[in-house]
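Since the structure comes first, as structure tokens, the remarks are kept for the end.
The values are calculated or read from the model by the stated rules, or taken from the named source; none is laboratory data. It should be emphasised that the depicted structure is a prediction, and the values quoted were computed from it without experimental measurement. Positions of Cβ are generated from backbone atoms using ideal geometry, with glycine treated the same way; all protein chains shown enter the neighbour counts.
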Amino acid sequence: MEISALQKARYAYQPKLPASLSRDITGIGIEFGSPTEALADQGDLKELFKNTYGKPIAAFVPGSLKDIKRRLNVGVILSGGQAPGGHNVIAGLFDGLKKGNPESKLYGFLGGPSGLIGNKHIEITPSFIDGYRNTGGFDMIGSGRTKIESPDQFAASLQTATELELNAVVIIGGDDSNTNAALLAEYFLARGSGIQVIGCPKTIDGDLKNGYIEASFGFDTACKTYSELIGNICRDANSAKKYWHFIKLMGRAASHIALECALQTQPNICLISEEVEARGLSLEQVVDHICASVVRRAEKGENFGVVLIPEGLVEFIPEMKILIRELNDLIAAGEEFSRLSSFIDQLEWLSRQISPESYKLIRSLPPEIAREFLMDRDPHGNVQVSRIETEKLLIGMAEKKLQALKEQNLYQGKFSALGHFFGYEGRCAFPSNFDADYCYSLGFGAFVLIASGLTGYLSSVRNLTAPADQWIAGGVPLTMMMNMEQRHGSKKPVIRKALVELEGTPFKAFDAVRDTWALKTSFLFPGAIQYFGPPEVSDLTTKTLKLERQESKRRELNCQESK
């Protein structure tokens with residue numbers, strides 16, 4: 001098979017490891033901290049996770065693990081949406097297993113968790129893994145969104161693991177997938193099985209993080225990919241000087257991607273969903289905010305600009321959130337709606353079913369956008385927010401608002417807008433050096449957690465703004481990241497999503513300069529991901545991570561001084 005020059009070079013790249021993992025394998029030890037508690041609902045979670053709750057945080061240190069050379073059989077699952085670096089997690093896990101014992105085996109379950117349930121797998125061999133090192137995508141074994149929820153699914157998972165004589169299962173995924181990992185670890189122990197379960201933190205949305213998980217893998221690469229494209233558009237806008245570009249970005253539940261891309265490119269406007277919700281802004285107020293920048297820039301003769309929009313914005317606008325909830329409840333439960341073939345009939349039916357306020361809102365939307373709220377639901381009966389063209393909605397409403405201002409002689413500019421959605425472009429890119437190293441370290445760390453006999457842990461690598469040899473590797477109990485949330489009519493344990501903190505350093509850094517960006521053309525042009533060259537270029541981390549680590553170090557210093 002013919003491959004590109006870059007692909008050939010990436011195959012040869014040797015990922016860097018933390019010093020605690022790069023020493024001779026017989027010199028790796030482990031130490032434990034104090035018992036941990038969940039974020040909230042400690043009593044409920046302690047009852048649900050009788051065997052795995054309250055475990056201590058683990059750190060890898062110089063030492064000697066007596067069983068690190070034992071022969072192991074391990075299964076690995078890629079779960080959820082793709083994120084750059086997933087293949088390197090598997091490569092790190094594979095290399096760790098083989099260094100421990102060349103007779104160890106790694107099985108890849110095909111198509112995500114359903115592969116474990118249905119016992120669909122392949123054995124990962126040296127020649128097979130070498131074709132995927134440092135590459136993007138999840139095509140090595142495929143992924144899936146099946147949740148292991150029913151008693152039959154749990155029983156089938158245990159049966160598969162038993163038939164393959166597995167010592168452990170590694171689940172590579174986001175918050176939902178690692179909630180599954182915690183439940184599976186508890187289930188195995190409750191059934192008297194010694195099969196371990198270890199998780200690895202994946203999601204380009206960046207919403208799986210805390211003090212011990214500083215970043216979820218793929219976020220770095222995705223943001224750099226999107227920022228290159230945004231920077232290109234910024235330069236084009238500043239060259240042509242005639243278009244406003246509305247760019248929707250991945251990030252349904254959290255706006256970390258939009259915020260990071262804003263810090264990298266300095267657009268005129270970046271909407272942050274969490275702020276919109278906190279301030280209770282209406283759709284009209286969001287449009288007013290955009291139009292204020294358009295008008296002020298037009299007064300300077302600059303009838304162009306760039307607006308960044310998080311994918312999940314509509315779910316954070318209070319009135320839209322109510323509309324979506326009402327539609328989800330009605331459409332998921334009612335067969336009558338599914339029999340209505342025309343948009344007019346659907347609207348007429350809704351006029352009798354939803355609140356007057358929600359009906360007025362959906363009628364105020366452009367018809368092509370309103371239809372998107374009523375299209376086929378996801379498997380849980382919810383509106384498919386990613387398919388709602390929020391960028392086009394805001395363009396249409398801004399056009400109406402600006403026309404009204406023009407008629408009142410309050411705006412004399414020219415508004416021409418183009419819409420974009422950057423999503424899939426970033427999910428399978430060649431991982432940056434940072435993600436290649438980070439993911440390899442997570443996978444290798446997962447092996448050490450297994451060799452240590454642990455279960456119900458998430459592989460953790462911290463101190464990520466330092467050179468890789470100074471990274472701190474270990475494991476975090478999955479239950480310490482959980483709380484109870486209402487899901488489909490009942491309380492369920494879930495890993496809490498990490499949203500953009502409005503009091504956090506990254507948002508404050510953005511907030512301090514966004515008024516300037518709104519008026520003055522301040523674009524930055526990050527360019528393509530660099531894989532070669534000096535570390536300050538090729539190993540560059542995200543601005544979000546740098547700002548968060550600076551704040552963390554400041555707090556640690558203040559804490560030490562107070563003692």
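Hey, which of the strands (runs of 3 or more DSSP E) in segment 411-513, taking only ones fully inside, have at least 2 residues that are more than 26 Å from LEU45 (Cα to Cα), of a type outside the set (D, E, K, R) and not assigned by TED's automatic domain parsing to the domain that holds LYS46?
On the way: elements: 417-422, 457-462, 472-477, 482-487, 490-495.
So the answer is 417-422.
Mind checking which residues of segment 143-191 are under 26 Å from ALA215 (Cβ atoms), of a type in the set (A, V, I, L, M, F, W, C) and touching a residue at least 60 places away in the same chain (Cβ under 8 Å)?
Passing the criteria: ALA168, VAL169, VAL170, ILE171, ILE172, ALA181, ALA182, LEU183, ALA185.
Just to be sure before I move on: is PHE217 in contact (Cβ under 8 Å) with a residue 60 or more places away in the chain, in contact with a Phe, Trp or Tyr (Cβ under 6 Å, 6 or more places away or on another chain), of a type in the set (Phe, Trp, Tyr) and crowded, with 24+ Cβ neighbours inside 10 Å in the structure I sent?
Yes: the conditions hold for PHE217.
Would it be correct to say that ILE204 is under 21 Å from ILE141 (Cβ atoms) and modelled with pLDDT of 95 or more?
no
Select from segment 289-302 the residues that are outside any helix (DSSP H, G or I) and surrounded by fewer than 14 Cβ atoms within 10 Å (Cβ to Cβ) and list them in ascending order. Walk me through how you get there before you give the answer.
Step one: filter segment 289-302 for residues outside any helix (DSSP H, G or I), giving 300-302.
Correct list: LYS300, GLY301.
Starting from residues that are small (Gly, Ala, Ser) and part of a loop (DSSP other than H, G, I, E, B), keep the ones in segment 252-273 and report whichever is farthest from SER227 (Cα to Cα).
Of everything passing the filter in segment 252-273, ALA253 is farthest from SER227 (Cα to Cα).
Need pairs with beta-carbon distance below 7 Å; first residue hydroxyl-bearing (Ser, Thr, Tyr) and within segment 33-56, second surrounded by fewer than 17 Cβ atoms within 10 Å (Cβ to Cβ) and assigned to a helix (DSSP H, G or I); sequence gap 6+ or separate chains.
From residues that are hydroxyl-bearing (Ser, Thr, Tyr), the pairs are TYR53/LYS46.
Go through segment 148-166 residue by residue and tally those that are in a loop (DSSP other than H, G, I, E, B) and crowded, with 18+ Cβ neighbours inside 10 Å.
Residues in segment 148-166 being in a loop (DSSP other than H, G, I, E, B) and crowded, with 18+ Cβ neighbours inside 10 Å: 3 in total.
Residues being under 21 Å from the mean Cα position of the chain (by Cα) and outside any strand (DSSP E or B): count how many of those fall in segment 167-209.
Looking only at that region, the number is 17.
Might you check whether a residue that is modelled with pLDDT of 95 or more, in contact with a strand residue (DSSP E or B) (Cβ under 9 Å, 6 or more places away or on another chain) and under 25 Å from ILE117 (Cα atoms) occurs anywhere in segment 227-238?
The answer is no; no qualifying residue exists.
Which pairs do you get when a residue that is over 26 Å from ILE195 (Cα atoms) and touching a residue at least 24 places away in the same chain (Cβ under 8 Å), found in segment 431-449, comes within reach of a residue that is surrounded by fewer than 24 Cβ atoms within 10 Å (Cβ to Cβ) and among the hydrophobic types (A, V, I, L, M, F, W, C), reach meaning Cβ atoms under 6 angstrom, with the pair 6+ apart or on two chains?
Qualifying pairs under 6 Å: SER432/ILE529; ASP437/ALA468.
Is it true that some residue in segment 134-141 is crowded, with 20+ Cβ neighbours inside 10 Å, in contact with a Gly (Cβ under 9 Å, 6 or more places away or on another chain) and more than 26 Å from GLU425 (Cβ to Cβ)?
So far as segment 134-141 goes, no, none of its residues is crowded, with 20+ Cβ neighbours inside 10 Å, in contact with a Gly (Cβ under 9 Å, 6 or more places away or on another chain) and more than 26 Å from GLU425 (Cβ to Cβ).
I need a count of the residues in segment 213-226 that are in contact with a strand residue (DSSP E or B) (Cβ under 9 Å, 6 or more places away or on another chain), among the polar types (S, T, N, Q) and part of a helix (DSSP H, G or I).
So the count comes out to 1.
Being surrounded by 11 or more Cβ atoms within 10 Å (Cβ to Cβ) and at pLDDT 90 or above narrows it down to one residue among LEU340, LEU361, LEU374; which is it? Before you say what the answer is, go through the steps one by one.
On the way: LEU340 fails: at pLDDT 90 or above; LEU374 fails: at pLDDT 90 or above.
That would be LEU361, the only listed residue that is surrounded by 11 or more Cβ atoms within 10 Å (Cβ to Cβ) and at pLDDT 90 or above.
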